[in-house]
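Novice: I am attaching a structure below and will ask some questions about it afterwards.
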Amino acid sequence: MTRKNTRLFGPNKFKLGLFGMNCSGGLTMTKAPERWDASWDNNEAAAILADDAGLEFILPIGRWRGYQGETDTEGTSFETLTWASGLLAATTGICVFGTVHVAFLSPLFAAKQMVTADHIGRGRFGLNMVSGWNPPEHDMFGVALRPQEERYAFTEEWVTILKRIWSEDQPFDFKGAFFDLKGVMLKPKPWGGGRPVLVSAGNSPAGRAFAGRHADCLFTTMIAFDRLPGAVRDLRAAAASGEAGVFVSAHMIARPTAAEAREYRRYIVHENGDWEAAEIAAELRTRGRETPFREMADLKERLIGGVGTYPLVGSYDEVVDEMRRMSESGVDGLAFGLVNYIDDFPALQGEILPRLERLGLRVPMSPAFQQ
């Protein structure tokens, strides 16, 4: 196994990953009894299902405080670097990311933790870098939430140090606006040469510029299809490397018919939604700006359905057709949540993946990419 032989670099044109399963409720603020129980056993079982089905990656949410309300969605969660290490040990082919709030963790300490995970996974570990947005979480750590531009300047230094630690063989000093380090050195280096894949999901101009300079995978928030091609063009234009991938985050409800999918979403959101939690989450997301009533109502509905991600809801054929349209808009893949990552997986494996293969967006998993 080398890093370039992992599934993230594999033959599928449209790559897929499970998103958010390290957190209670996953991406869904619902009181429905089948909502995701993020126990370790369930996380391991879902990871093995995804690994065996040939999915490319698993992406966690870095969360330290939940959204309260009756369900406290994401209030119970696993720390993502140790979580990733456990899942990498339990799987053979899938890539697993850690999500790190850079303001909360020394780049030296993080670098060694990640190298450990990378060796456990033999090059299958990746890093999702978060510059910070959630004031209550920063308050828990006693770390001030910097102004947006300054956050990305801090992250720029943090990841520059990280890259040097992973690549340089001699001790080095680093002096910047935020770090003053002496004699920095780390062994071992990441598995097999190179470094872990880096992900960033900033949507502000500063966030996109940072991602373009440093990330291998760029995530964008998708509101509507008519805005997607422009967003993809902007991300690719900002990317320093022409090989950077562009991904969308979503939550998926796929059923045999469109009517069944929409009825289930109504049941999840309108019959069993945790509107108190959605109110708290919406206030956090819109703090400091005026938000029209209709926009706020739509945001709360999307927060309940998928913590603000794109609603991929419809029949099996409709869901796959939306993926096709994403691909035609220049998107390389999708990170998505399910109401229940185990119970909903058979439909993904038996209905969605074969349709994507028939469209030429994915190929049947070959032995070379099974491990």
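The values are calculated or read from the model by the stated rules, or taken from the named source; none is laboratory data. Because the structure is predicted, anything quoted here is derived from the model rather than measured. Here the Cβ is made from the backbone with ideal geometry for all residues, glycine too, and neighbour counts use every protein chain on show. Ligands, DNA and RNA are excluded from the accessible area calculation, which covers all protein heavy atoms including side chains. Shrake-Rupley method; radii C 1.70, N 1.55, O 1.52, S 1.80 Å.
Novice: Quick check on region 49-154: what are the equivalent-ellipsoid semi-axes from the Cα gyration tensor, as sqrt(5λ), descending, whole Å? List each step's numbers first, then the result.
Specialist: Details: eigenvalues 139, 65, 25 Å².
Square roots of five times the eigenvalues give 26, 18, 11 Å.
Novice: Quick check: residue separation of residue 13 and residue 112 times 0.36 nm, minus the Cα distance between them. What number comes out in nm? All intermediate terms of the calculation are to be shown ahead of the outcome.
Specialist: Numbers: separation 99, 0.36 × 99 = 35.64 nm, distance 3.26 nm.
Contour length minus the Cα-Cα distance gives 32.4 nm.
Novice: Count the net charge of all other residues whose Cβ sits under 12 Å from the Cβ of residue 294, scoring Lys and Arg as +1 and Asp and Glu as -1. Please report the intermediate quantities before stating the final value.
Specialist: Numbers: positive: 300; negative: 295, 298, 301.
Taking every Cβ under 12 Å from that of residue 294, the sum is -2.
Novice: Mind ranking 9, 97 by accessible surface for me, highest first, 1.4 Å probe?
Specialist: Numbers: 9 85, 97 5 Å².
The ordering from most to least exposed comes out as 9, 97.
Novice: In a Gaussian network model over the chain where Cα atoms closer than 10 Å are linked, find which of 265, 208, 285 has the largest mean-square fluctuation.
Specialist: Of 265, 208, 285, the Gaussian network model singles out 285 as fluctuating most.
Novice: What is the sum of charges, Lys and Arg at +1 and Asp and Glu at -1, for the other residues whose Cβ falls under 13 Å from the Cβ of residue 62?
Specialist: -1
Novice: OK, next. Put +1 on the Cβ of each Lys and Arg and -1 on the Cβ of each Asp and Glu in the chain; which of 170, 354, 113 then has its Cα farthest toward the positive end of the dipole?
Specialist: 170
Novice: How much solvent-accessible surface does residue 119 expose, in Å² to the nearest 10, with a 1.4 Å probe and all protein chains in place?
Specialist: My reading of the accessible area for residue 119 is about 70 Å².
Novice: Need one value: the accessible area of residue 264 in square angstrom, 1.4 angstrom probe, rounded to the nearest 10.
Specialist: Number for this one is 40 Å².
Novice: Based on the mean of other Cβ atoms within 10 Å per residue, sort peptides 162-172, 327-337, 343-353, 56-66 so the most packed one is first.
Specialist: So the peptides 162-172, 327-337, 343-353, 56-66, ranked by packing, come out 56-66, 327-337, 343-353, 162-172.
Novice: Please report, in debye to the nearest 20, how large the charge dipole of the chain is about its Cα centre when each Lys and Arg carries +1 at its beta carbon and each Asp and Glu carries -1 there. Working shown, then result.
Specialist: Working: 41 positive and 47 negative charges, 265 e Å.
About 1280 debye.
Novice: Please report the net charge: other residues with Cβ closer than 12 Å to the Cβ of residue 51, K and R +1, D and E -1.
Specialist: Values: positive: 7, 124; negative: 44, 52, 56.
Net local charge, residue 51 excluded: -1.
Novice: Along the charge dipole of the chain, pointing to its positive end and built from +1/-1 on Cβ of Lys, Arg, Asp and Glu, which listed residue (330, 102, 237) has its Cα farthest out?
Specialist: 237
Novice: For residue 187, give me every one of the aspartates and glutamates with a C-alpha distance below 14 angstrom, ignoring sequence neighbours fewer than eight places off in its own chain.
Specialist: Counting by Cα, and skipping residues close in sequence, residue 187 has these aspartates and glutamates nearby: 118, 168, 169.
Novice: Rounded to two decimal places and with Rh computed the Kirkwood way over Cα pairs, what is Rg over Rh for region 258-363? Walk me through the numbers on the way to the answer.
Specialist: Values: Rg = 15.9 Å, Rh = 15.5 Å.
Answer for region 258-363: 1.03.
Novice: Percent of accessible area on region 1-88 owned by carbon and sulfur, 1.4 Å probe? Don't jump to the answer; show the numbers that get you there.
Specialist: Details: 1480 of 3000 Å².
Whole-percent figure for carbon plus sulfur exposure: 49.
Novice: Pop the C-beta distance of residue 266 and residue 160 into the FRET formula with R0 = 45 Å and round what comes out to the nearest 0.05. Write out the running numbers ahead of the final one.
Specialist: Values: r = 48 Å, r/R0 = 1.06.
After rounding, the FRET efficiency stands at 0.40.
Novice: For region 307-371 and region 1-69, write down the distance between their C-alpha centroids in whole Å.
Specialist: Taking the Cα centre of each part, region 307-371 and region 1-69 sit 13 Å apart.
Novice: Which whole-number percentage describes the relative contact order of the chain, with Cα contacts under 8 Å and a sequence gap of 6 or more?
Specialist: On the way: 718 pairs, mean separation 87.6, N = 371.
Value for the chain: 24 percent.
Novice: Among the listed pairs 15/300; 4/163; 31/300; 4/189; 15/189, give every one whose C-alpha distance is greater than 26 Å. Mind showing how you got there, number by number?
Specialist: On the way: 15/300 28 Å; 4/163 18 Å; 31/300 15 Å; 4/189 16 Å; 15/189 28 Å.
Correct reply: 15/300; 15/189.
Novice: Report in % the part of the accessible area of region 109-188 that belongs to carbon and sulfur, leaving out ligands and nucleic acids; probe 1.4 Å. Don't skip to the answer; put the middle values down first.
Specialist: Values: 2060 of 3850 Å².
Summing carbon and sulfur atoms, their accessible area is 54 percent of the total for region 109-188.
Novice: Oh, and also: Looking at [x] 53; [y] 36; [z] 32, which value of percent of Cα pairs over 31 Å apart comes from a calculation on the structure shown?
Specialist: Structure-derived value, by its label: [z].
Novice: Normalized C-alpha radius of gyration of region 102-220, against 2.2 N^0.38 Å?
Specialist: On the way: Rg = 14.4 Å, N = 119, 2.2 N^0.38 = 13.5 Å.
Output field value: 1.06.
Novice: Here is a follow-up. Could you tell me the ratio Rg/Rh of region 130-177? Both radii from Cα atoms, Rh via Kirkwood.
Specialist: 1.08
Novice: Same structure again: What share of the DSSP beta bridges in the chain is antiparallel, in percent to the nearest 5?
Specialist: Details: 5 of 41 bridges.
Antiparallel bridges: around 10 percent, rounded to the nearest 5.
Novice: Here is a follow-up. Using the heavy atoms of the protein chains and a 1.4 angstrom probe, tell me the accessible area per residue for region 61-120 in square angstrom.
Specialist: Details: 2040 Å² over 60 residues.
In whole numbers, region 61-120 has 34 Å² accessible per residue.
Novice: Separate question: Counting every Cα pair in region 1-82, what percent are over 15 Å apart?
Specialist: On the way: 2036 of 3321 pairs.
That tail contains 61 percent of the Cα-Cα pairs.
Novice: When the helices in the chain are scored as -39500 (n - 2.57) per DSSP H run of 4 or longer and the sum is shared across all residues, what 222 nm value do you end up with, to the nearest 500 deg cm²/dmol? Don't skip to the end; give the middle numbers.
Specialist: Numbers: 12 runs with 141 residues, N = 371.
Calculated mean residue ellipticity at 222 nm is -11500 deg cm²/dmol.
Novice: Extending each Cα 7 Å along its Cβ direction at residue 328 and residue 174, get the distance between those two points in nm, one decimal.
Specialist: 4.4
Novice: At a Förster distance of 30 Å, what's the computed FRET efficiency of residue 2 paired with residue 64, Cβ-Cβ distance as r, to 0.05?
Specialist: 0.30
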